[in-house]
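The structure under discussion appears below in the form of structure tokens.
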Amino acid sequence: MNPLELEQLVAAIGEEILARVDRAPAQPKGEGLNLPDQVCPGCVQRCVQTCRKNTKEIIDAGAARISASERLTKVDPAVAALIDHTILKPEATRADVVKVCREARQYGFASVCVNPFWVPLVSTELAGSPVKVCTVVGFPLGATSTEAKAAEAAAAVRAGAREIDMVINVGALRSGDHDAVKTDIQQVVKVSHAGGALVKVILETALLDDHQKTIACQLAKQAGADFVKTSTGFSTAGATAHDIALMRAAVGPEMGVKASGGIRTLDDLRTMTAAGATRIGASASVKIVEATAA
């Protein structure tokens with residue numbers, strides 16, 4: 001069996017497990033696969049200890065080993081629900097993306113954020129779960145044309161994306177061409193909202209002064225965006241509490257503010273939410289949520 005065939009077999013086994021559990025009678029609270037409201041509501045991720053039926057079905061489906069962790073029962077779902085579980089590195093493989101999707105299902109992250117090529121795969125992997133499909137547009141430089149950004153967003157929405165993280169035209173903003181920046185955002189918002197997707201506007205704060213950050217936030221708000229976001233994670237610096245507080249003050253309470261870039265610990269997350277962030281972008285998501293069990 002070659003690696004591709006093995007990966008396809010593993011995926012098929014996972015789908016069969018979920019399908020079988022979906023058909024099973026409801027389990028008492030405290031049992032199941034920790035996919036709230038999808039498989040076993042009230043689950044505490046202890047199939048081996050508390051749910052012999054599901055464990056047997058998993059083994060019958062082909063599993064050679066089953067793990068269970070008392071620690072996972074204590075993970076704070078409210079923290080997980082703040083996080084866009086992110087994998088944007090260019091060298092990410094199909095297996096890497098599938099792994100991130102399964103972690104997102106397990107922990108209940110807000111979304112999985114990937115490059116546009118992976119949107120169809122992520123849409124399939126997350127089908128039936130509350131985890132959203134998120135992708136990036138004009139990434140990471142923001143210097144593509146408005147037409148290209150709108151087309152990229154529209155294609156992503158057709159493929160299943162429900163959250164679009166677009167990069168502003170940083171050079172236009174720094175040049176004082178505010179109309180171009182606003183139009184750029186408006187066109188992406190228009191096609192995204194038409195397809196039922198929300199839009200987060202990435203400012204790339206490391207490249208802007210505070211005045212420019214404030215203007216960018218105001219333009220995003222005027223253009224109808226749903227969130228403003230600090231960083232791509234590919235520039236010279238990531239999120240800071242100062243920038244989050246400034247962005248929150250600029251957009252007021254009605255818009256979302258996403259902190260992204262360099263957020264690796266639970267303390268980092270708490271610092272950002274205390275400053276006004278309502279969403280967190282992170283690749284260290286599992287480490288962060290498992291720290292809530294400590």
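Just one residue in the set 289, 251 is open to solvent by less than 20 Å² (accessible area, probe 1.4 Å), of a type in the set (A, V, I, L, M, F, W, C) and over 28 Å from residue 211 (Cβ atoms); that residue is 289.
Restricting to the range 207-244, name every residue that is in a helix (DSSP H, G or I), surrounded by fewer than 21 Cβ atoms within 10 Å (Cβ to Cβ) and either of a type in the set (Ser, Thr, Tyr) or in contact with a helix residue (DSSP H, G or I) (Cβ under 9 Å, 6 or more places away or on another chain) (or both). Correct list: 207, 210, 212, 214, 215, 218, 221, 222, 241, 242.
Scanning the range 187-206 for residues that are surrounded by 19 or more Cβ atoms within 10 Å (Cβ to Cβ), out of contact with any strand residue (DSSP E or B) (no Cβ under 7 Å at 6 or more places or on another chain) and within 17 Å of residue 258 (Cβ to Cβ) yields a count of 1.
Within the range 166-179, the set of residues being open to solvent by 10 Å² or more (accessible area, probe 1.4 Å) and either charged (D, E, K, R) or touching a residue at least 12 places away in the same chain (Cβ under 8 Å) (or both) comprises 169, 170, 171, 172, 174, 177, 178, 179. The numbered conditions (1) open to solvent by 30 Å² or more (accessible area, probe 1.4 Å); (2) at pLDDT 95 or above; (3) aliphatic (A, V, I, L, M) are all true for residue 263 except (1).
The values are calculated or read from the model by the stated rules, or taken from the named source; none is laboratory data. Because the structure is a prediction, the values reported are computed rather than measured. So basically every Cβ, Gly included, is an ideal-geometry build from the backbone, and we count neighbours across all protein chains shown. Just the protein is used for accessible areas: all its heavy atoms, side chains included, with ligands, DNA and RNA removed. Shrake-Rupley method; radii C 1.70, N 1.55, O 1.52, S 1.80 Å.
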